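The values are calculated or read from the model by the stated rules, or taken from the named source; none is laboratory data. Note that the coordinates shown come from a computational prediction; the quantities given were computed from them, not determined experimentally. No Cβ is skipped: glycine too gets one built from the backbone with ideal geometry, and neighbour counts run over all protein chains shown.
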Amino acid sequence: MAGIGFELKRLITEEGGLISRVRGYAIASLVSAGPWIVTIVGLVCISLTAPVFLDQDTYEAFRAIVTYAFAFSLIVVGAVQMSFTRRAADLLYSKHYKRLLPALAHGSKIIAIVQGFIGTFFCALAGLPVALSIASVTLYIVISLTWLALIWLGATKEHKSVLRSYLYGGLVSFAGVSLAAAGAWGIDQSAASLVGAYALGQGLTLVLLLRAAVKALDMGGVEDGSIMRSVRTYPRLALVGLLYNTAIWADQIVFWCVDGVGTHVRFHPLYDTCKFLAYASVIPSLALMLVRVETSFYECYRAFYGSILRGFPLETIERRKRAMLEDLRESTVRLLRIQGAVTLVMLLLAPTIIRLLGLGDAAVDVLRACSLAAFFHVMLLIVILVQMYFDLRSSALWTSLVFLVANTVLALWSVGAGVNTYGIGYAAAAFLALCFAYATLVRNYDRLEFLSFTQRPVEIDPLPESAR
């Protein structure tokens, strides 16, 4: 997202003023967490109006399927997302611009086929009706391709296009689900109709994102199959993506399997709702990370590695390393202040939020625990991002594994211990992983020059003769 981040930073710094800054960070929030914002806002709005038109079982089935589509699309795509991102970055660095869109086309085709098989198998295993299965698989594939499109758009400056894609798609999803829930124009008030209407809006988002990518990037030739080979070229990146994204959902999967409800698709209404709300509280941090960490820090990072590649004196290299550390420290402190304030507000307003949503009193402590966990989680994400910047793949891999194991084990403990401990396991897991990640980052930072000199350079496979 560095390309979009630089454009947003330019808007904030050049225009100046409070309104420009608020607008810039609001856009950054939507760009960095667009799918989550659209989903959370949509589900909250629908949850307030659904009881008027729908029976509880239909609404819960719809919400569960949407949650599953986001969860498992992110997990599966996570297995290739980081290696695809590295491949796209290598193509950009080597100025192979005409290979970007063909790589996106080939990767999207493979992911669509794989996700189609996975989605169909899941629906058959869950015993979903045919109409609901078709709508669910369609939504699952569309969301999966959306994650891929964001990789390529992150390198551009098309923040307005990304913003419009989210807004238009979100409005269509909400309007479609609302009409389906109300039975307008004779629409069947079923879970299949709701999921299909929601998929229509998400499909519009995907089409608009792809249109922006085609507009921003150079048109290439035939499909570039080398994008799939990046998984073999960077296996640790693939494992980091798979383990980290699985770790994000590990606690919810445990709750679904052990203590969930539902006929076809199991879910946990209390825990799922509180965790979604907690995720919404870290949106300011995601915006700041996009504008600050991936722009200001990137400039210092590039200066440091540029001095190494150009053979600058050791004194210059060390000075730029100190500047990079200082910038990272400043950005982290600012992020801690902002996210700390937002988390504190969430802790104080938890009773009011729960009361407005009509949840029980027990949900107050769950929301507070999940909000604290989200605070640790977003800090963990920052450390992992820095690890990836420094190409510390092994450290990122072990960090993701620690997070996954801790979140799974502590979720099992939390389910058995009772509702008073819901969310505490997630918070403890995120905190443990954060401590581990920080310790490994500090240890490797001291020998960063040595690691930088010994890392393998960028490799770009040549295109076959037939594709040139």
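Before moving on, here are some points about what is shown:
- Close pairs (6 angstrom Cβ cut-off, 6 or more residues apart or separate chains): hydrophobic (A, V, I, L, M, F, W, C) in the range 101-115, surrounded by 17 or more Cβ atoms within 10 Å (Cβ to Cβ) and not in a helix (DSSP H, G or I) anywhere: L101/L217; L101/G220; A103/D224; A105/E223
- Picking from residues in the range 142-195 that are assigned to a loop (DSSP other than H, G, I, E, B) and either in contact with a Gly (Cβ under 8 Å, 6 or more places away or on another chain) or not assigned by TED's automatic domain parsing to the domain that holds F70 (or both), the one that is modelled with the highest pLDDT is Q189.
- V265 being surrounded by fewer than 22 Cβ atoms within 10 Å (Cβ to Cβ) and closer than 30 Å to V366 by Cβ: no
- The range 208-221 - residue that is within 25 Å of V142 (Cβ to Cβ) and assigned to a loop (DSSP other than H, G, I, E, B) and, of those, modelled with the highest pLDDT: L217
- Residue within the range 411-421 that is in contact (Cβ under 8 Å) with a residue 60 or more places away in the chain, in contact with a Lys or Arg (Cβ under 6 Å, 6 or more places away or on another chain) and not charged (D, E, K, R) present: no
- The range 130-141 residues that are in the same structural domain as G201 (by TED's automatic domain parsing), paired with ones that are surrounded by fewer than 21 Cβ atoms within 10 Å (Cβ to Cβ) (beta carbon under 7 Å, 6 or more apart): V137/G116; V137/T120; I141/A112; I141/G116
- Of all positions in the range 184-192, none carries a residue that is within 27 Å of V378 (Cβ to Cβ), without any contact (Cβ under 8 Å) to a residue 60 or more places away in the chain and out of contact with any strand residue (DSSP E or B) (no Cβ under 7 Å at 6 or more places or on another chain).
- Checking each residue in the range 68-122 for being at pLDDT 80 or above, buried (at least 20 other Cβ atoms within 10 Å of the Cβ) and β-branched (V, I, T) picks out I75, V76, V77, V80, I111.
- The helices (runs of 4 or more DSSP H) falling completely within the range 225-327 that include 3 or more residues that are within 20 Å of L381 (Cβ to Cβ) map to 235-259, 269-280, 283-288, 296-309.
- Residue selected from the range 375-416 under the condition in a helix (DSSP H, G or I) and of a type in the set (F, W, Y), by the criterion farthest from L328 (Cα to Cα): W413
Residues checked against (1) touching a strand residue (DSSP E or B) at 6+ places or on another chain (Cβ under 6 Å); (2) modelled with pLDDT under 85; (3) closer than 27 Å to L171 by Cα:
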| position | (1), (2), (3) |
| --- | --- |
| S230 | no, yes, no |
| Y244 | no, no, no |
| A247 | no, no, no |
| I253 | no, no, no |
| F267 | no, no, yes |
| S285 | no, yes, yes |
| L288 | no, yes, yes |
| A303 | no, yes, no |
| I308 | no, yes, no |
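- In this entry, I37 is excluded by the filter for residues that are modelled with pLDDT of 85 or more, within 18 Å of the chain's Cα centre (by Cα) and either in the same structural domain as Q202 (by TED's automatic domain parsing) or surrounded by 18 or more Cβ atoms within 10 Å (Cβ to Cβ) (or both).
- Set A323, A373, A363, A350: member being of a type in the set (G, A, S), assigned by TED's automatic domain parsing to the domain that holds Y422 and either under 30 Å from T233 (Cβ atoms) or modelled with pLDDT under 90 (or both): A323
- Test result for T440, part of a helix (DSSP H, G or I), in the same structural domain as T332 (by TED's automatic domain parsing), modelled with pLDDT under 95 and of a type in the set (S, T, Y): yes
- Restricting attention to the range 417-427, the residues being among the small types (G, A, S) and in a helix (DSSP H, G or I) number 3.
- Enumeration of residues in the range 182-203 that are farther than 19 Å from S144 by Cα and aromatic (F, W, Y): W185
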